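A.B. asks: Let me begin by handing over the structure; questions about it come next.
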Amino acid sequence: MPKPLSGIRVLDLTNVLAGPFACHQLVHMGAEVIKVEAVGRGDLARQLGADPDLNKRNMGVSFLAQNAGKKSVTVNLKNPDGKALFEKLVATADVLVENFRPGVMDRLGVGYEALGKIRPDLIYCAISGFGQDGPWVHRPAYDQIIQGASGVMSITGDRDSAPLRVGYPIADTVGGMTAAFAIAAQLNARPRGAFLDVSMLESVLATMGWVVSNHLIAGVEPSAHGNENPTSAPSGTFQTADGLINIAANKDEQWVLLTDHLGLSALRQRADFKTREDRKANRLALKGELETALKAKPARDWEKELNRIGVPSGAVLTVPEVLSTPQVADRGFLAHFDNVPGVGRDIDVVTTGFKVDGKAPNVENPPPQLGEHNDKIWSDLGIDSDALRKLKEDGAI
């Protein structure tokens with residue numbers, strides 16, 4: 001069966017994370033994604049990651065993480081011949097994605113207006129920190145800048161540690177997912193052709209619905225609650241014999257089941273724990289009472305016991321621990337590539353967070369080396385070998 005986006009050609013002019021992550025989703029759904037990279041250096045992510053040797057090879061871990069299945073060509077958009085060649089490629093494309101600062105593509109003469117004359121039904125997606133207009137339009141935008149500007153940092157951590165950065169690039173990732181959703185939806189429009197303005201700031205705020213609405217509707221200023229769930233108690237993180245466990249006894253019946261199982265049914269008769277609101281008001285005292293019992297066993301033992309009786313629970317795991325669980329390891333979430341060119345060893349990378357008819361979307365090829373598909377892509381546009389040689393000599397590709 002063909003994948004949903006089979007036959008769709010996407011030009012990925014993006015760097016580092018938000019844009020590459022958006023196109024990572026599209027290539028797994030069957031789109032042909034061609035990375036259009038700067039001559040000689042390519043996507044900045046090629047030099048980023050925890051392995052210095054791979055960074056030197058232009059195959060950094062940050063690049064490998066989200067570029068499997070894509071093709072790579074190089075072109076110098078400041079070179080007239082390079083720009084002309086790029087315009088030939090645009091004429092064959094359905095989608096273009098870029099995450100330059102607003103105005104950069106226009107100054108290069110390859111913005112939405114210019115490219116729309118070449119391909120009127122082009123879906124042009126521009127991802128930026130703050131959107132394409134507004135007083136902040138020219139501010140530099142990196143993930144941590146957006147985390148701070150969006151209010152995310154103000155509600156992360158606890159009273160002592162907030163504001164605190166979320167432990168992974170959540171703004172880049174959410175911005176990329178928003179872009180992928182917008183592109184996929186626009187591909188279904190008739191007639192096609194649109195300018196998609198994706199703001200990382202607004203993308204993050206859109207995912208903060210509960211928090212934002214508490215302010216907009218209830219007049220409550222959002223604040224940091226650490227590992228505690230402010231909507232219920234006992235609901236949060238608790239210390240066990242060997243680590244932390246999350247317990248979400250959000251319903252009264254779960255509160256009863258939990259206290260009975262821990263041999264603490266007497267807590268239900270105490271005035272400070274009688275109602276849901278009482279427990280919320282006295283949550284720290286309640287946490288201490290529960291931990292006296294929970295410290296008797298390891299987190300994963302409690303996890304099994306409590307889930308079995310109907311109290312939602314889960315041990316707090318590290319990244320290596322969760323990747324090794326059968327729940328993740330056996331569902332096809334990770335893709336394996338043997339002896340990847342430019343890397344010199346096998347790699348495993350993540351795919352997507354969903355399955356289609358019971359199968360995780362996958363791609364056949366590993367992340368590409370810089371300019372790996374130059375000869376194939378450009379020759380398909382009618383550029384012969386002599387012309388290609390001259391374009392390389394002139395620095396156009």
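A.B. asks: Please find, within segment 303-320, the residue that is surrounded by the most Cβ atoms within 10 Å (Cβ to Cβ) out of those that are part of a loop (DSSP other than H, G, I, E, B) and touching a residue at least 40 places away in the same chain (Cβ under 8 Å).
C.D. replies: Filtering segment 303-320 for residues that are part of a loop (DSSP other than H, G, I, E, B) and touching a residue at least 40 places away in the same chain (Cβ under 8 Å), the one surrounded by the most Cβ atoms within 10 Å (Cβ to Cβ) comes out as 311.
A.B. asks: Let me ask another. Find the residue count for segment 346-397, including only residues that are surrounded by fewer than 19 Cβ atoms within 10 Å (Cβ to Cβ), among the small types (Gly, Ala, Ser) and more than 30 Å from residue 332 (Cβ to Cβ).
C.D. replies: Residues in segment 346-397 being surrounded by fewer than 19 Cβ atoms within 10 Å (Cβ to Cβ), among the small types (Gly, Ala, Ser) and more than 30 Å from residue 332 (Cβ to Cβ): 5 in total.
A.B. asks: Still on this model: Is segment 196-212 home to any residue that is touching a residue at least 40 places away in the same chain (Cβ under 8 Å) and over 30 Å from residue 137 (Cβ atoms)?
C.D. replies: No, segment 196-212 contains no residue that is touching a residue at least 40 places away in the same chain (Cβ under 8 Å) and over 30 Å from residue 137 (Cβ atoms).
A.B. asks: At pLDDT 95 or above and either aromatic (Phe, Trp, Tyr) or not assigned by TED's automatic domain parsing to the domain that holds residue 272 (or both): does that describe residue 342?
C.D. replies: Against the criterion (at pLDDT 95 or above and either aromatic (Phe, Trp, Tyr) or not assigned by TED's automatic domain parsing to the domain that holds residue 272 (or both)), residue 342 qualifies.
A.B. asks: Looking at 44, 26, 89, which is the one that is touching a Leu at 6+ places or on another chain (Cβ under 7 Å), at pLDDT 95 or above and closer than 23 Å to residue 168 by Cα?
C.D. replies: 26
A.B. asks: Kindly list the number of the only condition in (1) over 23 Å from residue 33 (Cβ atoms); (2) not in a helix (DSSP H, G or I) that fails for residue 110.
C.D. replies: Condition not satisfied by residue 110: (1).
A.B. asks: Here's a follow-up. I need every pair where a residue in segment 40-60 that is in the same structural domain as residue 343 (by TED's automatic domain parsing) and surrounded by 15 or more Cβ atoms within 10 Å (Cβ to Cβ) has its Cβ under 8 Å from the Cβ of a residue that is of a type in the set (Phe, Trp, Tyr) and modelled with pLDDT of 95 or more, sequence separation at least 6 or different chains.
C.D. replies: Between residues of segment 40-60 that are in the same structural domain as residue 343 (by TED's automatic domain parsing) and surrounded by 15 or more Cβ atoms within 10 Å (Cβ to Cβ) and residues that are of a type in the set (Phe, Trp, Tyr) and modelled with pLDDT of 95 or more, the close pairs are 43/63; 45/63; 46/63; 48/63; 49/63.
A.B. asks: Within segment 82-97, how many residues are in contact (Cβ under 8 Å) with a residue 40 or more places away in the chain, over 13 Å from residue 378 (Cβ atoms) and part of a loop (DSSP other than H, G, I, E, B)?
C.D. replies: Residues meeting the conditions: 2.
A.B. asks: For segment 62-80, name all the residues that are in contact with a helix residue (DSSP H, G or I) (Cβ under 6 Å, 6 or more places away or on another chain) and of a type outside the set (S, T, N, Q).
C.D. replies: Within segment 62-80, 63, 69, 70, 73, 75, 77 qualify.
A.B. asks: So which of 149, 141, 114, 126 is of a type outside the set (Val, Ile, Thr), without any contact (Cβ under 8 Å) to a residue 12 or more places away in the chain and either surrounded by 15 or more Cβ atoms within 10 Å (Cβ to Cβ) or under 18 Å from residue 97 (Cα atoms) (or both)?
C.D. replies: Of the residues listed, the single one that is of a type outside the set (Val, Ile, Thr), without any contact (Cβ under 8 Å) to a residue 12 or more places away in the chain and either surrounded by 15 or more Cβ atoms within 10 Å (Cβ to Cβ) or under 18 Å from residue 97 (Cα atoms) (or both) is 114.
A.B. asks: Further question on the same structure: In this structure, does residue 163 turn out to be outside any helix (DSSP H, G or I), out of contact with any Lys or Arg (no Cβ under 8 Å at 6 or more places or on another chain) and not small (Gly, Ala, Ser)?
C.D. replies: yes
A.B. asks: Out of everything in segment 168-193 that is in a loop (DSSP other than H, G, I, E, B) and among the charged types (D, E, K, R), what residue ends up being farthest from residue 142 (Cα to Cα)?
C.D. replies: Once the filter is applied, the top-ranked residue is 190.
A.B. asks: Could you grab me the full set of residues in segment 164-193 that are more than 25 Å from residue 62 (Cβ to Cβ) and either in contact with an Asp or Glu (Cβ under 7 Å, 6 or more places away or on another chain) or touching a residue at least 24 places away in the same chain (Cβ under 8 Å) (or both)?
C.D. replies: Hits for segment 164-193 are 186, 187, 191, 192, 193.
A.B. asks: While we're here: Let me spell it out: the conditions are (1) modelled with pLDDT under 95; (2) surrounded by 20 or more Cβ atoms within 10 Å (Cβ to Cβ); (3) over 23 Å from the mean Cα position of the chain (by Cα), and residue 214 meets all of them except one. Which number is the exception?
C.D. replies: Status for residue 214: all satisfied but (2).
The values are calculated or read from the model by the stated rules, or taken from the named source; none is laboratory data. Quantities reported herein were computed from a predicted structural model and do not represent experimental measurements. Note that we place each Cβ from the backbone using ideal geometry, even for glycine, and neighbour counts take in every protein chain shown.
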